Amino acid sequence: MRPYTTCTGTGVPLLQANLDTDVIMPKQFLKGIDRQGLARGLFYDLRYDASGVEQADFVLNQPEYRNASFLVVGPNFGCGSSREHAVWGLLQYGIRALIGTGFASIFRDNCFNNGLLPIALPADLHARIATLCARPPRNLLTVDLVSQTVTLSDHSRLPFRIDDMYRENLLHGRDAIAATLRYSAEIAAFEDRHWNRSPWLKPGT
Amino acid sequence: MNPRPDPAPTTPRTIYDKIVDAHTVRRIDERHLLLYVDRHILNEYTSPQAFSGLREHNRRVHRPASTLAIVDHVNPTAAQRVRAIADPQAAAQVDYVERNCQDFGIELIGLLDSRQGIEHVVCPEQGLVSPGMVIACGDSHTTTYGAFGALGFGIGTSDVEHVLATQTVVYERLRNMRVRFDGTLPPGVTAKDLVMTVIRAIGVAGATGFAVEFAGSATDRLDVAGRMTLCNMIVEAGARGAVMAPDARVCDYLKDRPKAPRGALWSQATAAWANLRSDAGAVFERDLAFDVAAVAPLVTWGTSPDQAVGITDSVPDPAAEPDPARRASIVRALAYMGLEPGTPMRSVAIDRAFIGSCTNGRLEDLRAAAGIVAGRKVAPHVRAMVVPGSSQVRREAEQEGLDRIFVAAGFEWRQSGCSMCLAMNGDVLGAGERCASSTNRNFEGRQGRAGRTHLMSPAMVAAAAVAGHLVDVRDLAREVP
Ligand code: SF4
């Protein structure tokens, strides 16, 4: 995972509630054995019509919203299927942070595990950003993970909070598995105690 | 939200808290703990990149014996089962999971295995699920195992890799919610209608951040299959875990299954399971109660599982919704679904009927559907499919003659798998096709681009297939064909 500190780019309002991971990354893009080629699949049925032609009315296809870095999203974004392909696709498309009011929980974990920032804001701050992003070119934002602020084009800075552990991991591009493997001995000792206490839980017994 | 502190050892605890406490390897910080995973289930479509990650870093699988892989999402369900898959990408996924299981020493239930089926149907069937277990799987419907008093939850592929390498997951303790069902279930009303009632009441984010414990006299009377339906689908309200107190029915279900404990271990285990209860006085931050006598068979009208009404109701009118965001959701959903406000649900004609999925693809579900179908015919314009949840369900159904009932009525009797629940395998809705479906998600495009899904119980799907339109199963049940 590449380290994350600060990123400046344009924000796109995509405020529909409960945008699920089936819509973010439709089924036909889940058949790979690697992570490649998912930028094309992102919001596929919204971006393209049935013959593969771009749908002009979808926000990401509008000239002022191309090359977006941030999506300002509605409540419960990322609900439904656990498919991490949704997060991979957002990153491959160029999205570095999502600004919402709350995220579905598996999706949120997937974001943190890949360095896509899921920023949850109180409704009033979220609404301010959404309003500005609806008025390009005023949709330029800077998301800074060090100071945990979003700077808007009117120069105001809004604070957000990212969980400390994930923030540290993201700032340093840390490998979560390597971090846990430091506790290998503790895990093995736990297994001994656990299977002693509940021997039927030991696999293969 | 603030982190939830660990409950003090002296305070009354819920089943959920007891399971989390018993699996905490260590605290990481005030919010996170390292949670031990007793069993890890893999499938072919969310595991490939996890195995590739292990390979890249030269890492091994910490406990191959605690891990089981199942092919279920991409396989065809045509009546004749063969190992070859025409879709090259699906074939590559099936090949890769085989190779990974071989290289890392993991048991695989492959395509031609007599136990093949949807992971959440197969694992209970094989007795792999025990009360008190923690089970992780790269699939959101892992909450199903709550029916046994096990804590199951879905994880993404990065965490699949993490569990493979460490047998643990970095975990944040959830809050406790209880949902009680009391009273007597009316005829024609099923566990599916109960869970859809909860989702409709609290919304699709209503249980986000919570583990849900199902309780109450009506819950206790549900068979294990019905309990699985409840725990399975509550993820559609955002719950990351579900639990129920294991009882004698759960023990009866598990006894002598291939992977269940045996002999002295069985006695020891069942004694411990009897104590797996929420303590008196344990605190549930949200506590809901429903009188099931008031529940009617539900159907969805929209593109979110909480957009549901009773079958005798009509398509809602967005103009009546005061909240602008919700009004916009309704307008969008009705446009996608091709429905006019005020249309009686019972007049909505269907093109397809689908019975299957991890929510409702068990033997009990097929029996309920066959009970409606027997002696009747599928409406001529409807294409109707039954996809048993597993090969074992298929065999048991055939032993009871359910297949003959379905086929005589005009249903396709197919091989097991996820099939048109998520439509990765070629079982797909065409654009604009409307489907009565016993599955769990009516999202835009879920069953096929521009396809229109109405969620309901398997008996309601069967009734709709026969009528050719959505219909109240209670009306059909009253007439003898
Ligand atoms: S049946 Fe549907 S919900 Fe269940 S595991 Fe398969 S695709 Fe997922």
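Comparing B:I311, B:L112, A:L46 along the charge dipole axis of the protein assembly as shown, the residue lying farthest to the positive side is B:L112, per the Cβ-charge model.
Kirkwood analysis of the Cα pair distances in chain B returns a hydrodynamic radius of 22.8 Å.
Only Cα pairs under 8 Å and 6+ residues apart enter the sum, and on that basis the relative contact order of the range B:15-288 stands at 23 percent.
Overall dimensions of the range B:206-332, expressed as equivalent-ellipsoid semi-axes from the Cα gyration tensor (√(5λ), whole Å, largest first), are 37, 16, 14.
Over the range B:180-243, what is the relative contact order in whole percent, taking alpha-carbon pairs under 8 Å and six or more residues apart? It rounds to 49 percent for the range B:180-243. Averaging 1/r across all pairs of distinct Cα atoms in the protein assembly as shown and inverting the result yields a Kirkwood radius of 25.4 Å.
Considering only alpha-carbon pairs that sit under 8 angstrom and 6 or more positions apart, the relative contact order computed for chain B is 17 percent. Of all beta bridges that DSSP places with both ends in the range B:280-419, some 35 percent have antiparallel geometry. For the range B:15-288, the share of DSSP beta bridges that are antiparallel, to the nearest 5, is 25%.
Calculated mean residue ellipticity at 222 nm for chain B: -9500 deg cm²/dmol, from DSSP H runs with n ≥ 4 weighted as -39500 (n - 2.57), summed, divided by the residue count and rounded to 500. In the distance distribution for the range B:297-476, Cα-Cα pairs more than 22 Å apart total 40 percent. Computed about the Cα centre, the dipole magnitude for chain B is approximately 300 debye when only Lys and Arg (+1) and Asp and Glu (-1) carry charge, each at its Cβ.
The phi-based Karplus calculation (6.51 cos²θ - 1.76 cosθ + 1.60; θ = phi - 60°) puts the 3J(HN,Hα) values of the range A:145-150 at 7, 5, 8, 6, 9, 10 Hz, whole numbers, x for Gly and Pro. Phi-derived couplings, Karplus 6.51 cos²θ - 1.76 cosθ + 1.60 at θ = phi - 60°, listed residue by residue for the range B:75-90: 6, x, 10, 4, 4, 9, 8, 10, 6, 6, 10, 5, 5, x, 5, 5 Hz, with x used for Gly and Pro. Net charge in the neighbourhood of A:T21 (other residues with Cβ under 14 Å of its Cβ; Lys, Arg +1, Asp, Glu -1) is -3.
The translational diffusion coefficient of chain A, from Stokes-Einstein at 10 °C and 1.306 mPa s with a Kirkwood hydrodynamic radius over alpha carbon pairs, comes to 86 µm²/s. This model, with +1 at the C-beta of Lys and Arg and -1 at the C-beta of Asp and Glu, gives the protein assembly as shown a dipole about its Cα centre of some 460 debye. Using 10 Å bins from zero, what percent of all Cα-Cα pairs in the range A:1-71 falls into each bin? The calculated distribution, bin by bin, is 17, 43, 35, 6. Computed from backbone phi with θ = phi - 60° and the Karplus coefficients 6.51, -1.76 and 1.60, the 3J(HN,Hα) list for the range B:301-306 is 10, x, 10, 9, x, 8 Hz; x is used for glycine and proline.
FRET efficiency for the pair B:S267 and B:D220, taken as 1/(1 + (r/R0)^6) with r the Cβ-Cβ distance and R0 = 35 Å, rounds to 0.90. Shielding of peptide B:44-54 by partners, expressed as the average count of other chain Cβ atoms within 10 Å per residue Cβ, is 3. Placing one equal scatterer on every Cα of the range B:46-194 and applying the Debye formula, the log10 ratio I(q)/I(0) at q = 0.08, 0.14, 0.15, 0.19 Å⁻¹ is -0.28, -0.79, -0.88, -1.25. Under 5 Å from the amide H of A:S81 lie the amide H atoms of A:T21, A:D22, each residue being 5 or more positions distant or on a separate chain, with H modelled from the backbone and absent for Pro and chain starts.
Values quoted throughout were computed directly from the atomic coordinates according to the rules given, and no laboratory measurement underlies them. None of the values given here were measured: they were computed from a predicted structure. Reconstructed Cβ throughout: ideal geometry from the backbone, glycine too, with neighbour counts over all protein chains shown.
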